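The structure under discussion appears below in the form of structure tokens.
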Amino acid sequence: MRPTSPDTVPRFARRPAGRALAAAAGVTALAAAGLTAVSVSATAATSPCTVSYSVVNSWPGGFQAGITITNNGSAITGWTLAFAFPGSQQVSSGWNGTFTQSGQNVTVTDAGYNGALATGAGTSIGFTGTYTGTNTDPTAFTLNGASCNGSGGGPSPSASSSSPTPTPTPSPSSSPSASPSKSASASPSASPSSSPTQPGQPSVPGTCQALSANLATGNELFSSSAESSPPDTSRLQSALNSCAGSGKAVELKANGGNAAFLSGPLSIGGNEVLLVDSGVTLYASRNPANYQISGKNTCGTIASSDNGCNPFITLSGSGAGIMGTRSSSGSQGTIDGRGGQDMLNTSETWWQLATAAKSGGSQNNPKLIQSNGASSLTLYDINLINSPMYHALFKGGSNITVWGIRIKTPSNSRNTDGVDPENTTNVLVNDSYIQDGDDCIAVKSDAGSLTSQITVQNTHCWGTHGLSIGSQTAGGVSNVTFLNDTLAGTDTGGITSTSNNGIRVKSDSSVGGTVSGVTYQNICMTGVKDLIVMDPNYSSGNGSAIPNFASITLNGVVSVNSASSAKSILDGYDSSHKLGLKLENVRLDATGTSAQYANIGLYNSNITASGTGVTVSNISGSGSVPSCSFPGYPAL
């Protein structure tokens, strides 16, 4: 969803037993995709800095690159990276730093929050770019004027005696996995025609530091002094700063009858995990001032834009993760955003603020978890509940694994998306249970950066706005697979979704782009109203970014017990941007459709379409209609 938007299975098998860290699997995925991953390293004894440059995605005339910087010299409090492209490459946009370019020469300065690098610490930045001819990697880099990777003698980076927050990014070490859970999968009708190499099941690392709870609550609330100044913020962040780069976890543990932590915003650095034990809950501050971004709109208010609040947890370094331990009964650790509680010193909840903003403006509410360009990220066996806004937003980056999460927020809590991969590549969402007040999954791309190689499988949605592509598709969305997933139109509390969609691709001419290579396979729906929605006029866009839903395949889609007046909408934008849709092995219990500007191929489908600019033809297909059953939401 966009904050100003209008809306804003067959039996289950055990999940794979194979265990691998997402970061390692991501390298395999890059190789399989024919992308480059170039790293020239040197020891601290021969070079004051190490830079790793990787092209993580490419398309004709464009590419996305990631750069990891490691400081091998004395601690620094700010940095400038410089390099030269060997060819015609031009930076279009970047993140985690300020990019400037003159001719072939590129300079990147730190973004402030990632300027301090201790000895051995690192940070990750990234950008999208254009090129003509060949896209050859740069090989010579300097940090604060010092040559990196042993390529020259230059001076060491300027030193500082301060104790900065490190965000190193070495590859994590493996360690014993948590107990696996059962996952859902549909009886297949056919294998997807194109499926990316996927990361494996994560594993829980060893403990770097263990912190014991000092608080207890039975109603999500604490003393007025604790609410005003959350008492655990400092010690949690101090432990995270200390453990960054260790490949291990900061573990939150119960202490007798105390099983609660209360904190303001936190940042998880590179190559470390925040681990929440089963039965333990990390509560987010209710104080909007704790989230305030300096110089921006006031957090906790309605304004013209939603730029005022930091997230509760930022995954700031590559290799960062949030995990829970899972008990023998299936319970796991919890992070509670307390969106249904009054903001401090007000009589209005975060969710009520979001509802009020529907009449105009944007609510400034904190997201629960967000990343901004970091890669090799993991969410594993963790409960995410009651977020004030999105639960998990990944902006940029690659090799992201979401496995075994349980999101539980009422379906009438506006703009509380489940998992949103935006301008990302090689993302796996698996074995997850999601209830929220907006999209279950929303795969998005802003202009300048393609979103691709996304897989959402064995995942189950309650009361959401659907398994969605968009609404932002301006950078292009390709190679997305939804596999063995279920949707229920009502949440577990009996609240029906406010925008009761199943399968949905949405965009408009203000944020549109090309959507191709998208497959929905073995998808089962119950109690859904808008079963299949292809909507290129989702909002009142009046720009020139035309949505082009070029190639979308539905193979093995079933609806049962659909809501009254259930229907499907199969629209392309215009005669020059027609919907390209294949419907194979589709059995809907409500077959009403409307359509325009679409080329539709049918194989073993009980729905068809007619309308302006619509062509329907029979095609060759494979597989069969799946048999559906629907899981219950597991106990938290």
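Taking amide H atoms as placed 1.01 Å from N in the peptide plane, the amide H of Ser510 lies under 5 Å from those of Gly541, Asn542, Gly543, each 5 or more residues away in sequence or on another chain.
The antiparallel fraction among DSSP beta bridges confined to segment 477-636 stands at about 5%. At the listed q of 0.20, 0.22, 0.23 Å⁻¹, the Debye profile of segment 376-502, built from one uniform point per Cα, gives log10 I(q)/I(0) equal to -1.06, -1.26, -1.36.
Of the Cα atoms belonging to segment 251-313, the radius of gyration and Dmax stand at 14.8, 47 Å.
When its C-alpha radius of gyration is set against 2.2 N^0.38 Å (N residues), segment 209-290 gives a value of 1.07.
If R0 equals 51 Å, the separation of the Cβ atoms of Ser359 and Thr217 corresponds to a calculated FRET efficiency of about 0.95. Legend: distances between Cα atoms for Lys506/Lys582; Lys358/Lys567; Lys367/Lys395; pairs beyond 20 Å are Lys358/Lys567. Taking amide H as placed 1.01 Å from N in the peptide plane, Ala563 has its amide H under 5 Å from the amide H of Gly527, Val528, Lys529, each at least 5 places away in sequence or on another chain.
Over all distinct Cα pairs, what is the inverse of the mean 1/r for segment 313-376, reported as the Kirkwood hydrodynamic radius in Å? For segment 313-376, the Kirkwood estimate is 14.6 Å.
With contacts taken as Cα pairs under 8 Å and at least 6 residues apart, segment 513-630 reaches a relative contact order of 24 percent. When the solvent-accessible area of segment 529-578 is split by element, carbon and sulfur atoms take up 40 percent of it, the probe being 1.4 Å. Working from label points 7 Å from Cα in the Cα-to-Cβ sense, the Thr77 to Ser305 distance is 3.0 nm. Place a label point 7 angstrom from the Cα of Thr119 along the Cα-to-Cβ direction, then list the residues of segment 72-86 whose backbone nitrogen is under 19 Å away. Answer for segment 72-86: 72-79.
Near the amide H of Val204, within less than 5 Å, lie the amide hydrogens of Ser177, Ala178, all on another chain or at least 5 residues away, with H placed in the peptide plane.
Computed over the Cα atoms of segment 519-570, pair by distinct pair, the Kirkwood hydrodynamic radius stands at 12.9 angstrom. Under the simplified labelling scheme, the Asn345-Ser102 pair shows an inter-label distance of 4.8 nm, with each label point 7 Å from Cα along Cα→Cβ.
Highest mean first, the peptides 431-442, 523-534 sorted by other C-beta atoms within 10 Å per residue fall in the order 431-442, 523-534. Averaging over all projection directions, the Cα-based convex hull of segment 282-440 occupies 9.2 nm² in the image plane. Compactness of segment 552-636 is given as radius of gyration and Dmax, 14.7, 49 Å, from Cα positions.
The values are calculated or read from the model by the stated rules, or taken from the named source; none is laboratory data. None of the values given here were measured: they were computed from a predicted structure. Glycine gets a Cβ as well: all are built from the backbone with ideal geometry, and neighbour counts include every protein chain shown. Protein only, heavy atoms only, side chains kept; ligands, DNA and RNA dropped before computing areas. Shrake-Rupley method; radii C 1.70, N 1.55, O 1.52, S 1.80 Å.
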